[in-house]
Amino acid sequence: MTTEELKSINIDVENLGTSTGNTWFAKGDIIKSYSPTNGKLIASVKSTTRNEYDQVLAEAAKAKLLWRDIPSPKRGEIVRQLGDKLRELKPTLGKLVSYEMGKSYQEGMGEVQEMIDICDFAVGLSRQLYGNTIHSERPGHRMYDQYHPLGVIGIITAFNFPVAVWAWNAALALVCGNVIVWKPSEKTPICAVACQQIIADILKKNNLPEGISSLVTGDAEVGKWIAEDERITLVSATGSTRMGKEVAKTVAGRLGKSLLELGGNNAIIVTPSADLKMTVIGAVFGAVGTAGQRCTSTRRLIIHESIYDKVKNALVDAYKQIKIGDPLDTNHHMGPLIDTDAVHMYLTALEEIKKQGGEILVPGEVLTGAGYESGCYVTPVIAEVENHYDIVQHETFAPILYLIKYTGEVDNAIQLQNAVRQGLSSAIMTSNLRESEIFLSQNGSDCGIANVNIGTSGAEIGGAFGGEKETGGGRESGSDAWKAYMRRQTNTINYTTSLPLAQGIKFDL
Ligand code: UN1
């Protein structure tokens, strides 16, 4: 993908980086974005200076006063236009996602579809920001609760979903009446510039203030400005648990709100009655999709001893079919890792697996030669391990699948699946109703997402997305996740001529 191709959809990325609406600032240091697919420079952006950051925040502060006064369904209309534009640009933006991030073209298109889906969801939601009516204990009183915008929302996103996670946050935050300031990963800034240009054009066409949607770029320092900034009411951060702990501490230190969507360590429990074909497809897509760099990627398979060898052999066979290469070539199942740092982490993990007593069943290697010049292509790995190994307890963002054996009842498998610090996604493969109900019960999976006969990744936008424990507790996307983007106000109205107190308290003068 070339800069010319981007220009053909009116996306001009060279040397941009910080923007409020269509106004671009470009004083900061250069960030070069190289494609992990071929190692070539895609374009450069300029990182945000502190001065530019403050200008962005000043515009956001002005824009929030106007935006929050626009009726919610009218704000929904702007998000509808965003969804329409994304429909039009889906193949090109999907290609850019694939080229800059390295996921397959199919998955790049899927990511843009996720943006479109959340826009549609948010448009409907813009007429459904419901509060409750409440029966007052006092006569002649009416009570209800209602939701108001929070103000300025900071959105910090990771490289692995360079456009969809922004859209989840942006679409909801906007219909809820907030203005947004986005700091994308410095590994995928071009995707971010593209999205900013799309939304900025829509704002301009509708004569809306630029500060409704802004972009700041740079490293963790810029993230820190957002976390510390009292002008930002909510910080929604997606990324590693290590990053999330820093953001949480800083935002809590000023009693701000945070919404955290952090690491996972997702398992599929494979029971004796599991459908083998479904299990293999679900596990392989979960483990090698996005080259194992989804927060929902399948990391562990907890397999009953009675079918262990059968599942293991089927997986080893399936891994032989996986074609690795340029993700824009649709014959390939798996593209590269994001960069050579990620390759280094993958190699370190493989060493650790061996050191800690694991057995590698499908070995890992860094691919070299024609088509693999970027040095970011690796082969997917299967290893036999025990759940308590330190390496298994950590999320390695790479295509490494751990096989773990369980014996006896499903409760033993659930115990293993819960015995990690993360709690994002989980799944069980079973035809046994009793097992699936136990898995979904309060004694079952402790994760934010628990699926039956589906893998761990590929959640739909309609459900609330996020997880427990070290995953951070936040919920984004569907269901009532929108409530995190608004402040709740309880209103009690007395339409009598006396002033009775609640709890029956008497106070007369
Ligand atoms: C992420 O990995 O940060 O459920 C998001 C999924 C996608 C979203 C993943 N819909 O795999």
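State which residue is most open to solvent (accessible area, probe 1.4 Å) when the search covers only the range 387-405 and only residues that are out of contact with any helix residue (DSSP H, G or I) (no Cβ under 7 Å at 6 or more places or on another chain) and outside any loop (DSSP other than H, G, I, E, B). Walk me through how you get there before you give the answer.
Going residue by residue through the range 387-405, those that are out of contact with any helix residue (DSSP H, G or I) (no Cβ under 7 Å at 6 or more places or on another chain) are 388-390, 392-395.
Narrowing further to those that are outside any loop (DSSP other than H, G, I, E, B): 390, 392-393.
On the way: Asp390: 89, Val392: 0, Gln393: 36 Å².
Per the stated criteria, the residue is Asp390.
Residues that are within 16 Å of the ligand (Cβ to nearest atom), in a loop (DSSP other than H, G, I, E, B) and closer than 30 Å to Gly151 by Cβ: does the range 429-445 have at least one?
So in the range 429-445, the residues within 16 Å of the ligand (Cβ to nearest atom) come out as 445.
Subsequent filtering for residues that are in a loop (DSSP other than H, G, I, E, B) retains 445.
If we keep only those that are closer than 30 Å to Gly151 by Cβ too, we end up with none.
Within the range 429-445, none of the residues are within 16 Å of the ligand (Cβ to nearest atom), in a loop (DSSP other than H, G, I, E, B) and closer than 30 Å to Gly151 by Cβ.
Evaluate the following for Ser33: is it at pLDDT 90 or above and under 25 Å from the mean Cα position of the chain (by Cα)? Let's see the steps before the verdict.
On the way: at pLDDT 90 or above: yes; under 25 Å from the mean Cα position of the chain (by Cα): yes.
Considered against the rule, which asks whether it is at pLDDT 90 or above and under 25 Å from the mean Cα position of the chain (by Cα), Ser33 comes out as yes.
Which of the residues belonging to the range 350-378 are touching a Ser or Thr at 6+ places or on another chain (Cβ under 6 Å) and within 23 Å of Glu186 (Cβ to Cβ)?
Looking only at the range 350-378, we keep the residues that are touching a Ser or Thr at 6+ places or on another chain (Cβ under 6 Å), and these are 364-365, 375.
Hit for the range 350-378 is Gly375, nothing else.
How many residues does the range 406-428 contain that are at negative phi and assigned to a loop (DSSP other than H, G, I, E, B)? Let's see the steps before the verdict.
Our first condition is that a residue be at negative phi; within the range 406-428, this holds for 406-407, 409-428.
Filter once more, so that each one left must be assigned to a loop (DSSP other than H, G, I, E, B): 407, 409, 419-421, 424.
The number of residues fulfilling the criteria is 6.
Looking at (1) open to solvent by 70 Å² or more (accessible area, probe 1.4 Å); (2) in a loop (DSSP other than H, G, I, E, B), find the lone condition where Gly462 falls short.
Evaluating Gly462 over (1) open to solvent by 70 Å² or more (accessible area, probe 1.4 Å); (2) in a loop (DSSP other than H, G, I, E, B) leaves (1) as the failure.
Could you count how many residues in the range 298-320 are assigned to a loop (DSSP other than H, G, I, E, B) and farther than 20 Å from Asp275 by Cα?
Looking only at the range 298-320, we keep the residues that are assigned to a loop (DSSP other than H, G, I, E, B), and these are 305-307.
Add one more test, that the residue is farther than 20 Å from Asp275 by Cα, and what stays is none.
Qualifying residue count, the range 298-320: 0.
Could you count how many residues in the range 134-169 are away from the ligand (no atom under 15 Å from the Cβ) and under 25 Å from the mean Cα position of the chain (by Cα)?
We begin by selecting, within the range 134-169, every residue away from the ligand (no atom under 15 Å from the Cβ); these are 134-154.
When the remaining residues are screened for being under 25 Å from the mean Cα position of the chain (by Cα), the result is 147-154.
Counting residues in the range 134-169 that are away from the ligand (no atom under 15 Å from the Cβ) and under 25 Å from the mean Cα position of the chain (by Cα) gives 8.
Can you tell me which residues in the range 425-435 are of a type in the set (Ser, Thr, Tyr) and farther than 26 Å from Gly292 by Cα? Don't jump to the end; show me each part of the working.
Step one: list which residues in the range 425-435 are of a type in the set (Ser, Thr, Tyr), which gives 425-426, 430-431.
Within the range 425-435, just Ser431 meets the criteria.
Quick one: how many residues across the range 436-459 are touching a strand residue (DSSP E or B) at 6+ places or on another chain (Cβ under 8 Å), open to solvent by less than 50 Å² (accessible area, probe 1.4 Å) and of a type outside the set (Val, Ile, Thr)?
Qualifying residue count for the region: 12.
What number of residues within the range 424-451 satisfy the criterion of being touching a Phe, Trp or Tyr at 6+ places or on another chain (Cβ under 7 Å) and free of Cβ contacts under 8 Å to residues at least 40 places away in the same chain?
Looking only at that region, the number is 2.
Could you check Met109 against (1) open to solvent by less than 10 Å² (accessible area, probe 1.4 Å); (2) of a type in the set (A, V, I, L, M); (3) free of Cβ contacts under 8 Å to residues at least 24 places away in the same chain and say which number it fails?
So the condition that Met109 fails would be (1).
Any residue in the range 203-222 that is outside any strand (DSSP E or B), within 16 Å of the ligand (Cβ to nearest atom) and open to solvent by less than 20 Å² (accessible area, probe 1.4 Å)?
No: the range 203-222 contains no residue that is outside any strand (DSSP E or B), within 16 Å of the ligand (Cβ to nearest atom) and open to solvent by less than 20 Å² (accessible area, probe 1.4 Å).
Please find, within the range 266-292, the residue that is surrounded by the most Cβ atoms within 10 Å (Cβ to Cβ) out of those that are more than 13 Å from the ligand (Cβ to nearest atom) and among the polar types (S, T, N, Q).
Among those residues, the one meeting the criterion is Thr279.
Can you name the condition, by its number, that Asn331 falls short on among (1) under 27 Å from Gly94 (Cα atoms); (2) without any contact (Cβ under 8 Å) to a residue 60 or more places away in the chain; (3) assigned to a loop (DSSP other than H, G, I, E, B); (4) out of contact with any Lys or Arg (no Cβ under 9 Å at 6 or more places or on another chain)?
With (1) under 27 Å from Gly94 (Cα atoms); (2) without any contact (Cβ under 8 Å) to a residue 60 or more places away in the chain; (3) assigned to a loop (DSSP other than H, G, I, E, B); (4) out of contact with any Lys or Arg (no Cβ under 9 Å at 6 or more places or on another chain) applied to Asn331, the lone miss is (4).
Considering Ile449, Ile461, Ile438, Ile493, which residue is among the hydrophobic types (A, V, I, L, M, F, W, C), over 17 Å from the mean Cα position of the chain (by Cα) and closer than 30 Å to Ser72 by Cβ? Let's see the steps before the verdict.
Numbers: Ile449 fails: over 17 Å from the mean Cα position of the chain (by Cα); Ile461 fails: over 17 Å from the mean Cα position of the chain (by Cα); Ile438 fails: closer than 30 Å to Ser72 by Cβ.
Result: Ile493 is the single residue among Ile449, Ile461, Ile438, Ile493 that is among the hydrophobic types (A, V, I, L, M, F, W, C), over 17 Å from the mean Cα position of the chain (by Cα) and closer than 30 Å to Ser72 by Cβ.
When the range 223-265 is examined, which residues are found to be among the acidic types (Asp, Glu) and more than 14 Å from the ligand (Cβ to nearest atom)?
Initially, the range 223-265 is screened for residues among the acidic types (Asp, Glu), giving 228-230, 246, 261.
Passing the criteria: Glu228, Asp229, Glu230, Glu246.
State yes or no: is Leu172 within 16 Å of the ligand (Cβ to nearest atom) and open to solvent by less than 10 Å² (accessible area, probe 1.4 Å)? Outline the logic, then answer.
Numbers: within 16 Å of the ligand (Cβ to nearest atom): yes; open to solvent by less than 10 Å² (accessible area, probe 1.4 Å): yes.
Yes: the conditions hold for Leu172.
Here are some conditions: (1) within 24 Å of Val316 (Cα to Cα); (2) assigned to a loop (DSSP other than H, G, I, E, B). Gly474 meets all but one. Which one does it not meet?
So the condition that Gly474 fails would be (1).
Kindly indicate whether any position in the range 105-113 is away from the ligand (no atom under 16 Å from the Cβ) and at pLDDT 95 or above. Even if it seems obvious, please write down each step before you answer.
We begin by selecting, within the range 105-113, every residue away from the ligand (no atom under 16 Å from the Cβ); these are 105.
In the following step, the residues that additionally are at pLDDT 95 or above were identified as 105.
Scanning the range 105-113, I find at least one residue that is away from the ligand (no atom under 16 Å from the Cβ) and at pLDDT 95 or above, so the answer is yes.
Taking only pairs six or more apart or across chains, which ones have beta-carbon atoms under 6 Å, a first residue in the range 43-65 that is more than 11 Å from Pro209 (Cβ to Cβ), and a second residue that is among the basic types (Lys, Arg)?
Final answer for the pair search is Ser44/Lys32; Thr49/Lys27; Leu57/Arg231.
The values are calculated or read from the model by the stated rules, or taken from the named source; none is laboratory data. It should be emphasised that the depicted structure is a prediction, and the values quoted were computed from it without experimental measurement. For neighbour counting, all protein chains shown are included, and Cβ atoms are generated from backbone atoms with ideal geometry for every residue, glycine included. Surface areas here come from the heavy atoms of the whole protein model, side chains and all, with no ligands, DNA or RNA. Shrake-Rupley method; radii C 1.70, N 1.55, O 1.52, S 1.80 Å.
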